[in-house]
Every structure is written in C-alpha cells, then in structure tokens.
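The values are calculated or read from the model by the stated rules, or taken from the named source; none is laboratory data. Since the structure is predicted, the reported quantities are computational estimates derived from the model, not experimental observations. Note: accessible area is taken over every heavy atom of the protein model, side chains too, but ligands, DNA and RNA are not part of it. Shrake-Rupley method; radii C 1.70, N 1.55, O 1.52, S 1.80 Å.
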Amino acid sequence: MPRQPPFDPVRRRWLRGAVAVTALACAGRPQRLLAPPSWSDDPFRLGVASGDPAPDGAVLWTRLAPQPLWPDGGMPPAPVAVHWEVAEDAAFARIARRGTALARPERAHAVHVAVAGLAPRREYHYRFLCGEAVSRSGRLRTLPPPHLPLDAFRLAVASCQHYEHGWFAAHRHLAAGDHDLVLHLGDYVYEGSFGERVRRHEQDGPLRSLADYRARHAWYKLDPDLQAAHAAAAWAPIWDDHEVANDYAGEEAMDGEDPALFRARRAAAYRAWLEHMPVRAALADGNTRIHRRFALGALADLHLLDDRQYRAPQACAPRDRGYAPDIDPACAERTDPARSLLGAAQESWLHGGLAASSARWNLIAQQTLIAPFQTRGEDGRAQVWSDAWDGYPATRERLLRHIAALRLPNVVSFGGDVHAFHVCDLKADFADPASATVATEFVTSSLTTDDGDYAALQAALPLNPHVRYADCRSRGWIEARLTPQRMDVHLRALDDARTPDAQVFTLRQFTVEDGSAGAQSSHA
Ligand code: FE
Ligand code: CA
C-alpha cells in the first residue's frame, strides 16, 4: 500500500458537506451526482491529455484528484459532472464543441471524452471545468482526412521513463516541439526500483493492488514536464512490461508469482493504465485491447501493437528469477512456430492491415527490437535475448515474409524497451547479409531509464551486420518527419538526463527514401 498522506479532518468535513447529491438526467436516466463542488484544492492537479486522434476528433483526458496520492484521490464516492470545451483559439473565444462527462469513482474519477465533429488536420485547444475549477488547457491536432494526399506529418517516438533514473527534461523539450502525434511505446511507469536513484517516488516495493498502480500513475503525472508534454500534443500510447511487471508474458509473471494472483495484478495494472491514458480503449469498461490503427491521410497507415498481453511465455526461460534471460539460439522451444509474440488474432489483424493498405508508408509501432541481436556469453557462445522478437523468431519471419510477398515498399518499425538507439535493416534472410532489405527499423533510446553496457553493445555489432547503428550512451527519443518522398529521422539526445535542466541535441540523422528500404545515414 502507498504511504498515506496525513489525514486532514478539515478537508474530510468539507467533503462530507459537499456530498449533497442532486438528480441530473444523464444518458437518459437520473444519476446521483455530486453538486458542483467548491474546491479547496485544485482537482486538476494531474493535468490534461489528448490522444488517439481521428480526422474529426480525439480523446480528451483528465482525472479529478485534489489529493492524487490518496487511494480515493481526495474525492467522495460519487460521480461528478465535468464540463469540457474544445476551441479553435487558445483564449476559448471560438468554441467548436462542448459537453459534460461523468467522473465516476469506480474509474478513479478519470474522465475520457471522445470528441467528434471537429475539422480534419486542424489545431484545437481544450480544457475541463468543474465547479469553480478550470484545468490548464491542452492542444491537439486532428488527423488529416483519410486518403487525402498529405505533404508532411511529424511524429515523436518515446519510451522508458523511469522516474527515479532522471528528470523529465525530455518531456519539456517534447512539449516545445511541433509534433502531429507523440507515440509512447511503453514503460510509461515502472513498477519497481532498480539502479541508482536520482530522485525518489512515493512508494517502495512491488506494486500489487489497483490502489498501488493508481498511486504510481498519479505520482508520474504530477511531474510538470510530463504534464506539459501531454498538454502540447495528442499522444498514442501503448504499454510494455513495466506498466505491470518486468518481462511478464501474457498471463505469466517472471518473479514466480502464483498465476491467479498475477492475473489479478495484471488486471489492476491495465485498469490503472487505462484510467490514466488518453486512449479510446478506455471508453468501454473492461476493454484491454490496445492494438489499433491510424490512417495519416494517404501518407501512412500506422499500426500500434501490443506484444505483452498475448505473447507466449519466453522460451527456455525459468519463471522465477524476475527477468527474461539471454538464451542459446539453438533452444528448440524458441523456434516453435506455434509460439507467437502477438497472439494469432493480432498477427492476423496486422497482416490483414498491411495487405489492405494503400498508403505510401506503413509504420509499425511496437514495444521492442524486431531485428535479431546476437551477443556472446561469458563462455563465448552465441546467445539472444528471450524477451525481444529474438525470443519469437517465427512471428518475425511470418511478418517479414508477408511484407516481402506483398511487395510493400515502405514499411518502417519503431520500437523501444532496450534503452539504446538501434537503426536496423530488416532482412529477408538475416543469415545472408546480401539478401533483400524488407523493412527499416528505428528503436528509440530510453527517456530516462539507465543504459546498458556500451562496450558489450559495440562488441556485438560485427555479429549483427544488419544493425547499421546502435548506441546506448544517450537518453533520448526519436523525431520523424514523413513526406511522400522520404522519412527524415532525428535521434534526439539529452546531454544529461540526471539533471532537471538537461539540453537536447541531435545525435544522428537518418533518411529512408520512398521505395528503398533501409536507413541512409545523413549528418546533423
Ligand atoms: Fe524500459
Ligand atoms: Ca520494457
């Protein structure tokens, strides 16, 4: 359980007084609603966010939580009506849409609004109002109309933001950028502490309960730089392992936890994630499907994957050590075609989406490294990491064979998880460096989370000729500018993520030309 903030009898008295419910018609039936409260603390302390944009709208998010670290957020056990506004201007003089949503206690008083009726490819400002409280405003851009030619689209791609490993200066720089969409590929929160602690969060020990996971999300969301990044642009987030537990696979933990207990823990973690993320999946109670697709006009189809929820257990890996180990590539279970990283349904959804695409580019956004990455163990023998696509080579082969068979020219994958930048050629046959490059892969470094061993990474590069570039020394993210002719990719790096005022620079620049898979290095 999180450490409880001191009980405040004055505030509790106020809340009791405020739970004078009124009957309001909502969704066709009377609901018991809290009367418009007069707040003694700002209920919008966790900020605002938007996400999963469409040509005509997006999801708006906030959470009423005057005491974000309390199990009830400092809210009474009753639904509260929250008003929202979407405007064409920052002063909210020209309102495009407005409405009322319910913040319900069973959802931690989180609010998800699916706004529709907006114009495509346009910037909007939004905010929430409740009683006398007004939230900060956020900014979002709707997507272009489907199938319309588009001159350019700007993406930012980020992952791995351990709160204790650094400051969120990266988010301050992301907020200052001009991004049509921010992809967050997971490890948005970390369930545990490891490595050196540059700063501390509110609770130690493993997270187990819904209250634990809610408190962890609330703590992260109290960060002003993270709030700024959410307010600055629409996001499309997916989760990875640390939103639940390190290196878990499907319904199996890696720390030896009893399967029934782990299932409950995973459900609590998913629920807390959905409560705190601006995603359409959160609009329906109990829905945990987060793989989804966006059309960026005729320019690109963007496929977001979930490689955690449906994956088979890591091959040849004991399930009680807390992590997925490096394994012998010859381990027979590894290559079993019945094992899938994505699950059969998601694989077929992805293959179908690629086959149906008529867009210039196909972007795959997923959690980790697709390309093989062989290293040498201490005994000199080859090994691969069981948690990445290397642990599920049949899924990788099926995908790359499918792309090759479709003759889809412009497939680019974005990944994260490994706390290092990687730029890779995804080959028809990785054993043959002369074989065709089928797709291009960019993996972003971590925003803050500790890096690995640079010497070991460099030593492994000759074993992996399809890896054009790899560097784990910088914390950072990826910015990509997509046009019909090319994709320009900047690897953005912080000078020192351990300081709050870290500065950013472009570490490397790459280009992918239309019709020609594989990244070309260009100089910053
Ligand atoms: Fe991570
Ligand atoms: Ca991860």
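Accessible surface calculations at 1.4 Å, restricted to protein heavy atoms, place the range 218-279 at 24 Å² per residue.
Taking all protein chains together, R121, R398 sort by accessible area into R121, R398, largest first [probe 1.4 Å].
Residues in the range 392-524 average 39 Å² of solvent-accessible surface per residue, probe 1.4 Å, ligands and nucleic acids excluded.
Largest first and in whole Å, the equivalent-ellipsoid semi-axes of the range 114-203 read 31, 20, 11, each the square root of five times a Cα gyration tensor eigenvalue. Across the chain, Cα-Cα pairs more than 30 Å apart make up 48 percent of the total.
For the chain, the 222 nm mean residue ellipticity estimated from helices alone, with every DSSP H stretch of n ≥ 4 adding -39500 (n - 2.57) and the total spread over all residues, rounds to -5500 deg cm²/dmol.
State the percentage of accessible surface on the range 317-436 attributable to carbon and sulfur atoms; use a 1.4 Å probe and exclude ligands, DNA and RNA. C and S fraction of accessible area: 51 percent. At the residue level, Y454 shows approximately 70 square angstrom of accessible surface with a 1.4 angstrom probe and all protein chains present. Across the range 438-449, computed HN-Hα scalar couplings (Karplus, 6.51 cos²θ - 1.76 cosθ + 1.60, θ = phi - 60°) run 8, 7, 10, 10, 10, 10, 7, 6, 6, 6, 9, 5 Hz from first to last residue, x flagging Gly and Pro. If you sort the three axes of the alpha carbon gyration tensor as a ≥ b ≥ c, you get a/c of 1.5 or more for the range 333-406 and a/b above b/c, which makes it prolate. Every Cα-Cα pair in the range 372-513 was counted, and those over 27 Å apart are 25% of them.
When every Cα-Cα distance of the range 76-153 is counted in 10 angstrom steps from zero, the calculated P(r) takes the values 17, 43, 27, 11, 3 percent. Surface composition of the range 75-145: carbon and sulfur atoms hold 48% of the protein heavy-atom accessible area at a 1.4 Å probe.
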